[in-house]
Every structure is written in C-alpha cells, then in structure tokens.
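Notes follow once the structure below has been shown.
The values are calculated or read from the model by the stated rules, or taken from the named source; none is laboratory data. All values derive from a computational prediction rather than experimental measurement. Ideal geometry is used to build each Cβ from the backbone, glycine not excepted, and the neighbour counts take in all protein chains shown.
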Amino acid sequence: MALTVVGSIAFDAVRTPFGERERMLGGAAVHFSLAASFFTEVRPVGPVGDDFGGEQFELLEARGIATEDIERVAGGQSFFWRGHYDFDLNVAHTDDTQLGVFGEFEPKLSDAAKSADTLFLANIQPDLQRQVRAQCPAGFSGLDSMNLWIETAKDSLTAAIEEVDCLVVNDAEIRMLTGESNLARAARAVMEMGPQAVVAKRGEYGAALFTGTGAEDQSFFALPGFPLEDVRDPTGAGDSFAGGFFGYLDGSGGDLDEANLRRAMGYGTVLASFNVEEFGTERVSRLQREEIDERFEALRGMTQFEGVPAPRG
Ligand code: AMP
C-alpha cells in the first residue's frame, strides 16, 4: 500500500518554556511523513525553496520517505512558521507565517503520487488541498486544518472536507468550524458534511474518534495522551498523530473496521508522544520501530477497561 500527503514542508522557529530553536525542519507534511514512514511507503507533495538542502532531504530519505514529489523552486523561500508556547503547551501562539513558495504552488502529482491507496491533506491552504484531492482518487482520505484557514478560507475548507472520508482536527477547531460547542454534536455536524469519521485531537488529553451518525452505527472511542514527564516542544504532535493513524491504516491493508481504527488511534497516540519529547523532528528522526511497539503495548495495558470486573453490590 502507499500513502500520499500534501501539507506544509517548512522551517520553524519555536520557543517553549523548555528551550528554543531558531530554524529547524518542520511542517505538517514533514511531521506526518516521518510518523507514517514506520508503517508504509509515504510520499509528501509540495514545494521548497533553495534554502531546503541536502541535509533536509537526507533526513527524510533515511526514513525511507519518497521525496520525488518535493519540488525545489530555484530562488524561492521555503514555508516558514514562527511560534511560541507559554506554560500551557496545548496552545500554540503564531508569531509569523510566511507561505514562501507555497504562495504560487500549483500541484502536479507524479503517477506514483496519484495512484496512492491513501491520501492525507495535511494542514495547508484548502484550495491546494482540493487541487491535490482532484488528482488523487485514493480509496481512503483524510484532512487536517487550523484556525487560520477556518477564519480566512472557510468556503474552500468546507468544500475540501466534503471530499474526504475522515477529518482529523483539534477539538477547538471542530467547534469553531461547526459553531457547535458540544463536541459530539460538532462531530455529527461534520459527518453530515461527508466524512464518515472524525478524530478530535485534544493535545495532552489525547484524542477521540467518532464514527457513524445513525442510532445503529454510531460509535465512540477515546484514548488519553501517553503520560510523559518530559515534554519539550508540542509542535507537530497533531501531524505525528495523523501520520501514525493513517500510516498504520494504510500499512495494515486499509482495513477500516472498528478494531483497526482503534489500533490506529493507539499508534497515532504513540507517535505524537515521541514527537513532543524533543524539539521539531529530533526525536522521531531517530526513533526505532521496537520503541513504538513497546509504548503501544504500555498504552494498551494502561487503558484496559472492558476487562475490569463489574462493580460489586
Ligand atoms: P501541529 O503542531 O501538529 O499543529 O503542526 C505544527 C506544524 O504546522 C509546524 O511544523 C508548522 O510548520 C506548520 N504550520 C503552522 N502554521 C501553518 C499553516 N498556516 N499552514 C500549514 N502549516 C502550518
């Protein structure tokens, strides 16, 4: 199986209470691809400037990521994001966003990118997400977005959401998008737009999965964030979650039954947890598959509830 992803490919400047980096590899499609690379063949699509060099390509290729659809624009500047977090690491404050070469990007997917089984439209301008969707009819597709696009490009974002199977966004963004303060109602409102599944990311509190809208097929599942004592930089946690989730689903043959969706939630949670342990891509770029499986088992152990005997008396 194979997975195509479009989304920002970036340099990030990030400050948290635990340190800062002035320029590091980042971007939604980068964090997504690194996480998904543990499970399947992943191909990011997008432009970079000539500030994006051998070092960045090598980091991606070392994880087996196919980089042929990353287009280098001579004389251009890569997407740049500057942000900071105060003591509440769940809230990212954006200080600067420069689209750079994304501003003029007209995606033309290679045959390999077009024929992927799974497509993920990671965070980027929704018109671009739609242009990529139009070229890639993948059987299973997902989408992420953020408050900036809900505020500035809502119609286009709504049209993009209508064209995918699964929406993966922050809980606050689902509320903002639908105008519903109750998360279950907001998820249902999204599913009435088209997607059959909604994943609400809740930062350190984990993620919730909603499927089905009818009395018979409605289902809910949630996992906490993996408990960590050292969190340094939450940037890319949501993208790493999505990479683990969609990467696992694609790599396991695209099986979308409830059990496999729940496993995918587990892998998403685990990949996000590794991502936040260090800045940017530092931790995930040297992660080993065995570490993922070990943490997945630990998470499975700590979230068992069905096996707990019914209350006495
Ligand atoms: P996350 O922390 O998972 O929500 O994603 C953080 C990543 O999103 C960073 O690496 C940024 O480069 C990227 N990013 C920030 N703002 C935007 C934006 N407006 N569009 C696309 N990507 C963005």
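Summed over segment 234-259, the residues that are within 16 Å of the ligand (Cβ to nearest atom) and either hydrophobic (A, V, I, L, M, F, W, C) or more than 18 Å from SER33 (Cβ to Cβ) (or both) give a count of 6. Here ARG175 passes the criteria (1) within 13 Å of the ligand (Cβ to nearest atom); (2) more than 23 Å from ALA10 (Cα to Cα) except the one numbered (1). The criterion of at least 3 residues that are over 22 Å from VAL42 (Cβ atoms) is met, among strands (runs of 3 or more DSSP E) falling completely within segment 174-283, by 207-211, 219-223.
Candidates are the residues of segment 134-154 that are in a helix (DSSP H, G or I), out of contact with any helix residue (DSSP H, G or I) (no Cβ under 7 Å at 6 or more places or on another chain) and not aliphatic (A, V, I, L, M); the one that is farthest from the ligand (Cβ to nearest atom) is LYS154. From ASP144, ASP171, which residue is in contact with a strand residue (DSSP E or B) (Cβ under 6 Å, 6 or more places away or on another chain), closer than 21 Å to THR211 by Cβ and in contact (Cβ under 8 Å) with a residue 60 or more places away in the chain? Testing whether each residue is in contact with a strand residue (DSSP E or B) (Cβ under 6 Å, 6 or more places away or on another chain), closer than 21 Å to THR211 by Cβ and in contact (Cβ under 8 Å) with a residue 60 or more places away in the chain leaves just ASP144.
Of the residues in segment 90-98, none is more than 18 Å from the chain's Cα centre (by Cα), away from the ligand (no atom under 14 Å from the Cβ) and either among the basic types (Lys, Arg) or surrounded by fewer than 14 Cβ atoms within 10 Å (Cβ to Cβ) (or both). Identification of helices (runs of 4 or more DSSP H) wholly contained in segment 23-126 with 2 or more residues that are closer than 26 Å to LEU167 by Cα and in contact (Cβ under 8 Å) with a residue 40 or more places away in the chain yields 28-36, 111-114.
Within segment 55-67, is even one residue of a type outside the set (Gly, Ala, Ser) and at pLDDT below 95? Within segment 55-67 (the criterion being of a type outside the set (Gly, Ala, Ser) and at pLDDT below 95), the answer is no, since none of the residues qualifies. Considering only residues in segment 119-133 that are farther than 21 Å from TYR248 by Cα and of a type outside the set (A, V, I, L, M), the one that is nearest to the ligand (Cβ to nearest atom) turns out to be GLN125. Taking the conditions exactly as written (surrounded by fewer than 18 Cβ atoms within 10 Å (Cβ to Cβ) and within 20 Å of the chain's Cα centre (by Cα)), does ASN147 satisfy them or not? So ASN147 fits the description; yes.
Could you pull out the residue among GLY253, GLY236, GLY313 that is surrounded by fewer than 24 Cβ atoms within 10 Å (Cβ to Cβ), touching a residue at least 60 places away in the same chain (Cβ under 8 Å), out of contact with any strand residue (DSSP E or B) (no Cβ under 6 Å at 6 or more places or on another chain) and at positive phi?
GLY253 is the lone residue from the list that is surrounded by fewer than 24 Cβ atoms within 10 Å (Cβ to Cβ), touching a residue at least 60 places away in the same chain (Cβ under 8 Å), out of contact with any strand residue (DSSP E or B) (no Cβ under 6 Å at 6 or more places or on another chain) and at positive phi.
Scan segment 33-45 and give yes if some residue there is under 17 Å from the mean Cα position of the chain (by Cα), farther than 20 Å from ALA237 by Cβ and within 16 Å of the ligand (Cβ to nearest atom), otherwise no. Within segment 33-45, one or more residues are under 17 Å from the mean Cα position of the chain (by Cα), farther than 20 Å from ALA237 by Cβ and within 16 Å of the ligand (Cβ to nearest atom).
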